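None of the figures in this text is laboratory data; all of them are computed from the coordinates on show. These figures come from a predicted structure and were not determined experimentally. With ideal geometry, Cβ positions are generated from the backbone for all residues, glycine too; neighbour counts draw on all protein chains shown.
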Amino acid sequence: EYKVEGLNKCDEGLQTAIHNTIKLEGGKVEKEGLIELFWNNYNGWEVGQYEIWRKLDGAADYELLHVNQGNITNYSGNHGEDGFNHLLRVKAKKKDEDIDSWSNEIELTFDNLIEIPNVFTPTGDDKNEYFIIPTIHLYPDNQLNIYNSWGEVVYKSRNYKNDWKANGLASGVYYYSLYLKQSNKIMKGWVQVMR
């Protein structure tokens, strides 16, 4: 809490109302990519809305992530797959006036480990049609190679975008090699195509 006290030109005491700053706290649920935030009410004037602001992965500026009504002091959202490092702040905006107050900054870091599925079903039913690697978009400099059981390359992609549908290939087991430049890591395994 804080208030400002002083004297006017007539040496009369002046003081503002007591205000309190916003203390932001929060956590994450890595597996679900969930960000959970909560904070105390700002005290000093009527809050019209709370804005949640974020800097993602070393960005220079904050960007608006979400807006709450002035009586809601928590937020939960699935943003883990947006990036690795999330710096978050809350801004209280005074109702009907252009006055605001910022909270402290908190940092939440997601590992966003690559988990590669081992089955997909390109049958034309619009369900599980593509070989989807969640969070691959966070590793844009990648190389994916798919091999048949004889070791022949049947698919190759630089900067894979989750768009392999195994066109022209029969059902069966295929092998992959995924190179991630960002972590200088090669992941190998198998995937079953079921038609």
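Between the C-alpha center of the range 4-26 and that of the range 154-187 there is a gap of 61 Å. Charged side chains reduced to their Cβ positions (Lys and Arg at +1, Asp and Glu at -1) give the chain a dipole of some 920 debye around its Cα centre. Summing Lys and Arg as +1 and Asp and Glu as -1 over all other residues whose Cβ lies under 11 Å from the Cβ of Val90 gives a net charge of +1. Remark: for residue pairs Lys127/Lys181; Lys31/Lys55; Lys31/Lys161; Lys161/Lys185; Lys55/Lys188; Lys127/Lys161, the C-alpha separation exceeds 25 Å in Lys127/Lys181; Lys55/Lys188. DSSP assigns beta bridges within the chain; of those with both partners inside it, close to 95 percent run antiparallel. At full extension, Glu36 and Leu169 could sit 43.5 nm farther apart than now, given 0.36 nm per residue minus the alpha carbon distance.
Each Lys or Arg adds one and each Asp or Glu subtracts one; over the other residues with Cβ under 14 Å from the Cβ of Ala59, this totals -3. Report note on the peptides 162-169, 33-40: ranked by the mean count of other C-beta atoms within 10 Å, highest first, their order is 33-40, 162-169. Kirkwood radius and radius of gyration were both taken over the C-alpha atoms of the chain, and their ratio Rg/Rh is 1.23.
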